[in-house]
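Please read the structure below before turning to the comments.
We did not get these values from a lab; they are worked out from the coordinates using the rules stated. Note that the structure is a prediction, hence the values are computed from the model and not measured. Cβ atoms come from the backbone with ideal geometry, glycine included; neighbour counts cover every protein chain shown.
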């Protein structure tokens, strides 16, 4: 009876270990995964950046700021968009650090955010949906991890 209980304990332990969220996350971000990355250094314009022109999922976003002005990442659920027109699907603020130390953020979502029509990004320095104020050149870096 003790051998059966020990065997069941080992099997149960292996099951819990192999089904943990850490292993699920590792499986998604492993080297041979299909997740892609678009890395952008913001230019001094508000030209929309098409991340993916068809449906996709965003798993992680990094935003970095080496300037002294806040900026906003606006992602649209569309195959194409015009910055400052329409309502973004999601919005993120890129903070700045004290003096020249820089600032930034990382948002990761193991389940991802689904975009049914496409993924388009705009970077502006105004929070309003209709804002089309261009960011300073070379002050912001944005990485979008998507599938």
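The table for this structure:
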{"read-out": "Distance between modelled label sites at residue 53 and residue 70, nm, 7 Å Cα→Cβ extension", "value": "3.5"}
{"read-out": "Length-normalised contact order for segment 43-130 - Cα pairs under 8 Å, 6+ apart - percent", "value": "47"}
{"read-out": "Segment residue 87-residue 43, length gained on full extension (0.36 nm per residue, minus Cα span)", "value": "13.6 nm"}
{"read-out": "Gyration tensor verdict on segment 34-146 (Cα atoms; rounded if a/c is under 1.5, prolate if a/b is larger than b/c, oblate otherwise)", "value": "oblate"}
